[in-house]
Amino acid sequence: MSLPPSVHRALVKIVGERGVSVERSVLRDYSHDESSFEPVMPRAVVKPDTAEQVAEVLALADRYRLPVTARGAGSSLEGNAVPSPNGIVLSLERMNRVLEVLPEDFQARVQPGVVYDELNRLLARQGLFFAPGPASGDVATIGGMVGNNSGGLNALRYGVTRDNVLRLQLALANGTLISAGTRALKSSSGYDLVRLFIGSEGTLGIATEVVVRLHGVPERRTAWANFQSPEAAASAVFEIMRTGIVPGALELLDPESVRAVNAVLGLAWPELPMLLMEFHGTPAAIREEGEEGRRVCQEAGALAFRFASDGAEREQLWAGRKAVNRAERTLHPGCTFVKSDVAVPLSHYAQAVHQAHSLAERQALKLMTYGHAGDGNLHTSTAVPSADAEALSRAEALVEGLISFALSVGGTATAEHGIGLAKKRFLQLEHGPAVEVMQALKTALDPNGILNPGKILS
Ligand SMILES: Cc1cc2nc3c(=O)[nH]c(=O)nc-3n(C[C@H](O)[C@H](O)[C@H](O)COP(=O)(O)OP(=O)(O)OC[C@H]3O[C@@H](n4cnc5c(N)ncnc54)[C@H](O)[C@@H]3O)c2cc1C
């Protein structure tokens, strides 16, 4: 459905001719994210340059009851960034400037369209980095990370996005611009709106500026270990954390994941359950913690343990880990990928891994398991031929079984990918009557329901 000419004209007045696209090829590019959901064609793609323009677009959309889906890079995995029907996409891609780096405060003020890896390349010159570390960091934007409360490879030691944002400038549904949070490291002033908006998937407001918290780039020592079974590798995770060491990263890959990475990247990693870990700190600390990591892994039955010999090997190990998703897609063209992103308290992590594999066996499905093991986060993925409805429902049953397990031990259905469209049915199960509080907040902040409707809540 095309936009009424008066609305089109009003949008052009706000963002200029080149800020509004209605060509089919452009609309198609913005009609999907990285989930397997059917694309939804937006009525227009709007690309503002300033916070004031974002606010004006929202005020206009509110007046015309036009759904607005904010978009960074569209790398979401749960349908979070799929446009809402009959709506527009508000792409923040032009608002991609690093406005200020404050090295003495370990902070940077950035626009939402800044890409994670690009920010870190710039910060590296000053010996700093923004930590969470999504595996999609080559495309993921800071606004999208705020939208999903993204985690990643380094969240174990440094926290997720929510732990690393101090202040947000936000455009609300009625077109008001507000600032939430402060640049102080702590504050007990009023309700914590920063934590509320982060992870709200563009359903409560749009971040137009973000003050992120930075860390000094540490010395790093990377190592990997192989185990007989994924469960044994998962148990070693618990043992490592029990020593009191907090690694910079602690990742699990099962043999299926390793096989996919080997095939697509032309590597020859042993096709066995693998832990990939990195120790961060001073040269002395990482030497000592690395040795402790080796001892714990060996006591936990590691078949092999090796440190990366140089920077190139380190880069290759992390590039391999980040390529798991892409490798799976390359190996299974024409498939739908049914994914889960549960997290459990660490003492249940080995059980969760076991549960995932036994559910896959019961459903006669081939499963990939990998994830940010140190913080109890397990990703699973099943590639199912898109036309095979029966296999698809078995894959859904697997995910449901795993989520039920995670919830039964006090975990979550979605650790870092958000609810989007895919995990909506688990919200009530996880939060019970607290969903009514979420609904009340949504109604208060977006009474006409224009902000990414249909995501998170119904
Ligand atoms: C290969 C691969 C690996 C991944 N690895 C990880 C990982 O390790 N950890 C992890 O957490 N995620 C991971 N993801 C998921 C995804 O990449 C992250 O959630 C990422 O941060 C999303 O950023 P984006 O710019 O693509 O946001 P989008 O997908 O464009 O948007 C994300 C959500 O935020 C909303 N939004 C966008 N911009 C704003 C804004 N300015 N204000 C408010 N809301 C906004 C959108 O409407 C949407 O709901 C991975 C995805 C892929 C494809």
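The values are calculated or read from the model by the stated rules, or taken from the named source; none is laboratory data. Please read all numbers here as calculations on a predicted model, not as lab measurements. Here Cβ is always computed from backbone atoms with ideal geometry, including for glycine, and neighbour counts include all displayed protein chains. When the accessible area is computed, the model is the full protein with side chains, heavy atoms only, and any ligands, DNA or RNA have been set aside. Shrake-Rupley method; radii C 1.70, N 1.55, O 1.52, S 1.80 Å.
Just give me the residues in the stretch 206-238 being in a helix (DSSP H, G or I) and open to solvent by 60 Å² or more (accessible area, probe 1.4 Å), in sequence order.
Matches in the stretch 206-238: F238 only.
So which residues in the stretch 177-205 are part of a loop (DSSP other than H, G, I, E, B) and either within 15 Å of the ligand (Cβ to nearest atom) or under 16 Å from T443 (Cα atoms) (or both)?
Those that are part of a loop (DSSP other than H, G, I, E, B) and either within 15 Å of the ligand (Cβ to nearest atom) or under 16 Å from T443 (Cα atoms) (or both): I198, G199, S200, E201, G202, T203, L204, G205.
Here's a check for you: in the stretch 122-139, which residue that is under 18 Å from T161 (Cα atoms), of a type outside the set (A, V, I, L, M, F, W, C) and surrounded by fewer than 24 Cβ atoms within 10 Å (Cβ to Cβ) is nearest to the chain's Cα centre (by Cα)?
Looking at residues that are under 18 Å from T161 (Cα atoms), of a type outside the set (A, V, I, L, M, F, W, C) and surrounded by fewer than 24 Cβ atoms within 10 Å (Cβ to Cβ), I get S136.
Here are P42, P48, P112, P83: which of them is more than 11 Å from the ligand (Cβ to nearest atom) and touching a strand residue (DSSP E or B) at 6+ places or on another chain (Cβ under 8 Å)?
Among P42, P48, P112, P83, only P42 is more than 11 Å from the ligand (Cβ to nearest atom) and touching a strand residue (DSSP E or B) at 6+ places or on another chain (Cβ under 8 Å).
Filter the stretch 140-161 down to the residues that are touching a residue at least 40 places away in the same chain (Cβ under 8 Å), more than 6 Å from the ligand (Cβ to nearest atom) and either open to solvent by 20 Å² or more (accessible area, probe 1.4 Å) or under 16 Å from V211 (Cα atoms) (or both) and list them by number.
I142, N149, N154, L156, R157, Y158, V160
Tally the residues that are in a loop (DSSP other than H, G, I, E, B) and closer than 19 Å to E361 by Cβ, restricting the search to the stretch 382-418.
So the answer is 1.
Restricting attention to the stretch 164-182, which residues are open to solvent by less than 40 Å² (accessible area, probe 1.4 Å), in contact (Cβ under 8 Å) with a residue 24 or more places away in the chain and among the aliphatic types (A, V, I, L, M)?
Those that are open to solvent by less than 40 Å² (accessible area, probe 1.4 Å), in contact (Cβ under 8 Å) with a residue 24 or more places away in the chain and among the aliphatic types (A, V, I, L, M): V165, L166, L168, L170, A171, L172, A173.
Under 26 Å from Q351 (Cβ atoms) and of a type in the set (D, E): which single residue out of E313, E299 fits that description?
E299
Would you be able to tell me the number of residues in the stretch 239-267 that are over 22 Å from the mean Cα position of the chain (by Cα) and surrounded by fewer than 18 Cβ atoms within 10 Å (Cβ to Cβ)?
Total meeting the criteria: 11.
Suppose we filter the stretch 399-425 for residues that are of a type in the set (K, R) and open to solvent by less than 40 Å² (accessible area, probe 1.4 Å); how many remain?
1
For the stretch 412-442, how many residues are under 24 Å from T382 (Cα atoms) and within 16 Å of the ligand (Cβ to nearest atom)?
14
For the stretch 73-109, give me each residue that is basic (K, R) and in contact (Cβ under 8 Å) with a residue 40 or more places away in the chain.
Correct list: R94, R109.
Please work out which residue is surrounded by the most Cβ atoms within 10 Å (Cβ to Cβ), limiting yourself to the stretch 437-458 and to residues that are of a type in the set (G, A, S) and over 22 Å from the mean Cα position of the chain (by Cα).
Filtering first and then ranking leaves G449.
Being under 26 Å from A135 (Cβ atoms), without any contact (Cβ under 8 Å) to a residue 60 or more places away in the chain and not in a loop (DSSP other than H, G, I, E, B): is that true of A440 here?
No; evaluated as a whole, the condition is false for this residue.
Every residue in the stretch 20-48 that is in contact with a Phe, Trp or Tyr (Cβ under 8 Å, 6 or more places away or on another chain) and not aliphatic (A, V, I, L, M), please.
Those that are in contact with a Phe, Trp or Tyr (Cβ under 8 Å, 6 or more places away or on another chain) and not aliphatic (A, V, I, L, M): S36, P42.
Limited to the stretch 418-437, what total is found for residues that are aromatic (F, W, Y) and either touching a residue at least 40 places away in the same chain (Cβ under 8 Å) or farther than 29 Å from F405 by Cα (or both)?
Summing the residues that are aromatic (F, W, Y) and either touching a residue at least 40 places away in the same chain (Cβ under 8 Å) or farther than 29 Å from F405 by Cα (or both) in the stretch 418-437 gives 0.
With respect to the numbered conditions (1) more than 27 Å from A406 (Cα to Cα); (2) open to solvent by 10 Å² or more (accessible area, probe 1.4 Å); (3) outside any helix (DSSP H, G or I), which one is the sole condition not fulfilled by F279?
If we test F279 against (1) more than 27 Å from A406 (Cα to Cα); (2) open to solvent by 10 Å² or more (accessible area, probe 1.4 Å); (3) outside any helix (DSSP H, G or I), just (2) comes out false.
Starting from the stretch 298-312, take each residue that is under 22 Å from E231 (Cα atoms) and open to solvent by 30 Å² or more (accessible area, probe 1.4 Å) and list its partners that are in a strand (DSSP E or B) and among the aromatic types (F, W, Y), counting only C-beta distances under 7 angstrom and pairs at least six apart or across chains.
So the pair list comes out as Q298/F305; R306/W224.
Name every residue in the stretch 18-52 that is within 24 Å of the chain's Cα centre (by Cα), open to solvent by 60 Å² or more (accessible area, probe 1.4 Å) and aliphatic (A, V, I, L, M), in order of residue number.
Of everything in the stretch 18-52, just one residue is within 24 Å of the chain's Cα centre (by Cα), open to solvent by 60 Å² or more (accessible area, probe 1.4 Å) and aliphatic (A, V, I, L, M), namely M41.
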